[in-house]
Every structure is written in structure tokens, then in C-alpha cells.
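Contents: one structure, followed by commentary.
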Amino acid sequence: MKKPFYLLTAAVLAFSTLGACGTKEDADSSSKKADTTSSATEASSEEKDATSSATEGSSEEKDTDAAKTSSGELEDLTVGATPSPHAEILEAVKDTLKEKGYNLVIKEYTDYVQPDMALDSGDIDATYHQHKPFLDQFNEEHKTDLISAAAVHYEPFGIYAGKTKSLDDIKDGAQIAVPNDVSNEARALLLLQDNGLLTLKDDSDLSATTKDIEKNDKNIKFVEVDAAQLPRSLDDVDLAVINGNYAIDAGLKISDALAVEDAESVAATTYSNVLAVRKDDKDSEKTKALVEALTSDTAKKFMEDKYEGAVVPSF
């Protein structure tokens, strides 16, 4: 009776051992498969991370380039100018200069002398506020060597009504206000001569003063006034001959003037407003860029549209 029991026990043990062996191999196989899958997943994850890093790196590079483009890393270009129309015209070409790599800085002045002093001392790169005769006069008086880089525009002088509303109504002993600086006074006298109000000596030129008046049939009294103050003098005089830029500042329209300089006149061509620079900077890249901007189609259109004849392009 004992022998069959032992045989049964051995058979059960053998079957259990075989079952245990089979489970271990399957587990090992499953474990290996799991490890392989896990490794593959990790590898895939690493590849994704690498791809993501590369994409982020590329994005960062693009962002950096974009930042450079937007900031422009522009070089400052500083120009001294009177408010109107010069600073306004400069403002209109800011984007043009930005495309050329320059950040235009406009420094406004309310007189004609300080901008050129700042230019000569090297505080600014150029000035845009004056005509060539004034620049020549400034150089002579201050022993400087500033030059014109380009003629940009001219502002026609106009005869504006004060107490008297028409040139035909000028009475004996009338008062006419004119600029008190030499270059602009001559220009005013030439315009008055063109309109039959006086006659200058035959040898008079663009440096003429009231002393060069040869004929004055109406005994007109000429009141010499600082150019900037001429618009304010209108209530006190019969007529005033006013510089274009100061007329604009005062809200006067060229269409309201009783007479205006002819575009082909010697005065109009001589008194074109110029871009002035130091002699050594005449051919600099900054100067070339500024000249191109101020004589561009953009600048021309702005002058014509905004000033309606009060500012005329010289190019």
C-alpha cells in the first residue's frame, strides 16, 4: 500500500517542477520583452527630446535673428533742424534711413546759429535748416568750414497783407517789414522790386540792403525785423515779406500771399535749403544715406502733399 503512494507523490512533484520551470522561462521572456519595449520607448523619448531641443534651438536662433531685425542694431545719425518744415521732413524719411541701417535722431533748434555750432563741435552729424548764402556767412563769421552736401528744397518768400490788403492799395509812407539779416533782406527787396514797389541800384546783388534802394516813389519805410518775428509784425505794418518756414510756423498759407517768388528766379534757386555737414564727412556713408533719403520720392511726395507749394523740392 505504501509503494503506490510514493509513486503518486513523485508524479505530483515532477509535474509541479515542470510547471515551475515553464513559468520562469515565460517570465524571463516577458521580462526581456518588457525591457526591450521599455528601452525602445526610452530611446524614442530621447529622440523626441533631441528633436525638440533641436527645434527649440532653431526657434531660439530665429527669435534672435528676429530680435536683431526688429531692433535693427541701428547706428544713430543725429541731425539738427528747425521745427517746420525741416524736422517734419526728416521725420518723414525716418523709415527710409532705418532700411539703410540708421536710427535718425532729430534735434530741434529754434534759431539758425546753434545748430551749426553743434555741427562744427561734432555734437551732431549734420544740419538741415538753412540756405547756402547763410551757411557761407556763418562760415565767414565763425571761421568754420562747413559745407553743403545737397540742396533739398526751397521755401518761396511771400509778401503778406498786414494793414493793407492789396499791393495796389499801398499808400505814400507805408511801412513794410523785411528780415534784418543780410542774406534774407536782399531776397525780400528783390521780391518787392519784382512787384514794382522799389528799384535797386544796377550793381545790387544778393547782398543788397535798404541802402541799395535807388528809387522809392511811395516813400516806403522799411522796418527791419528778426525773421522769426515777421509774422507777428503783420498787425503793425502794411505788408511783411516773410520767410517760408516762418510763414508755415505762423499758420500762413502760400496761397494767401499777395506775391510769391518765382520758382525760376535767381533768389529761389540760390536760396535752396541745404543739408550741411563737416567737410571731412562729405563722402561718409552717413552723409550719403542722408542725402539719398532727403532727395527720395518719399521726401518729394511728403513736401508736395503737406505744404501745398510753401515747400518746393530742389531735386
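The values are calculated or read from the model by the stated rules, or taken from the named source; none is laboratory data. Note that this is a predicted model, so its numbers are computed, not measured. Every residue, glycine as well, gets a Cβ built from its backbone with ideal geometry; the counts of neighbours run over all protein chains shown.
Some observations on this one:
- Failed item, numbered, when Thr209 is tested on (1) crowded, with 17+ Cβ neighbours inside 10 Å; (2) more than 18 Å from Val312 (Cα to Cα); (3) of a type in the set (Val, Ile, Thr): (1)
- Answer from Lys165, Lys143 - the residue that is out of contact with any helix residue (DSSP H, G or I) (no Cβ under 7 Å at 6 or more places or on another chain) and over 23 Å from Tyr246 (Cβ atoms): Lys143
- Among the candidates Arg187, Arg232, the residue that is surrounded by 18 or more Cβ atoms within 10 Å (Cβ to Cβ), closer than 30 Å to Glu91 by Cβ, under 32 Å from the mean Cα position of the chain (by Cα) and of a type in the set (Lys, Arg) is uniquely Arg187.
- Here Tyr307 meets each of (1) within 18 Å of Leu191 (Cα to Cα); (2) in contact (Cβ under 8 Å) with a residue 40 or more places away in the chain; (3) not aliphatic (A, V, I, L, M) with one exception, condition (1).
- Looking across region 254-282 at every residue that is in contact with a strand residue (DSSP E or B) (Cβ under 9 Å, 6 or more places away or on another chain) and farther than 17 Å from Tyr154 by Cβ, the one that is surrounded by the most Cβ atoms within 10 Å (Cβ to Cβ) is identified as Val277.
- Among (1) part of a helix (DSSP H, G or I); (2) crowded, with 17+ Cβ neighbours inside 10 Å, the one test that Phe222 misses: (1)
- Screening Ala293 against (1) modelled with pLDDT of 95 or more; (2) of a type in the set (A, V, I, L, M); (3) in contact with a strand residue (DSSP E or B) (Cβ under 6 Å, 6 or more places away or on another chain) leaves a single unmet condition, (3).
- Every condition in (1) polar (S, T, N, Q); (2) under 30 Å from the mean Cα position of the chain (by Cα); (3) surrounded by 14 or more Cβ atoms within 10 Å (Cβ to Cβ) holds for Asn180 except the one numbered (2).
- Number of the exception - Ala250 against (1) within 39 Å of the chain's Cα centre (by Cα); (2) surrounded by 18 or more Cβ atoms within 10 Å (Cβ to Cβ): (2)
- Every residue from region 124-139 that is more than 14 Å from the chain's Cα centre (by Cα) and outside any loop (DSSP other than H, G, I, E, B): His129, Gln130, His131, Lys132, Pro133, Phe134, Leu135, Asp136, Gln137, Phe138, Asn139
- Region 207-217, residues that are out of contact with any Lys or Arg (no Cβ under 7 Å at 6 or more places or on another chain) and either of a type outside the set (S, T, N, Q) or outside any loop (DSSP other than H, G, I, E, B) (or both): Ala208, Thr210, Lys211, Ile213, Lys215, Asp217
- The single residue among Gln114, Gln175 that is surrounded by fewer than 19 Cβ atoms within 10 Å (Cβ to Cβ), more than 29 Å from Leu239 (Cβ to Cβ) and either touching a strand residue (DSSP E or B) at 6+ places or on another chain (Cβ under 6 Å) or outside the structural domain of Ile220 (by TED's automatic domain parsing) (or both) turns out to be Gln114.
- Top-ranked residue of region 141-186 - restricted to ones that are acidic (Asp, Glu) and part of a loop (DSSP other than H, G, I, E, B), ranked as farthest from Asp125 (Cα to Cα): Asp172
- Flag if Glu140 is at pLDDT 95 or above and exposed (fewer than 15 other Cβ atoms within 10 Å of the Cβ): yes
- Selection count where residues are assigned to a helix (DSSP H, G or I) and modelled with pLDDT of 90 or more, scope region 243-284: 7
- Selection within region 95-121 - under 12 Å from Ala81 (Cα atoms) and either assigned to a loop (DSSP other than H, G, I, E, B) or among the charged types (D, E, K, R) (or both): Lys107, Glu108, Tyr109, Thr110, Asp111, Tyr112, Asp116
- Of the residues making up region 190-203, just one is within 39 Å of the chain's Cα centre (by Cα) and either of a type in the set (Val, Ile, Thr) or assigned to a loop (DSSP other than H, G, I, E, B) (or both), namely Asn195.
- Looking across region 69-84, the residues that are at pLDDT below 95 and touching a helix residue (DSSP H, G or I) at 6+ places or on another chain (Cβ under 8 Å) come down to Gly72, Thr82, Pro83, Ser84.
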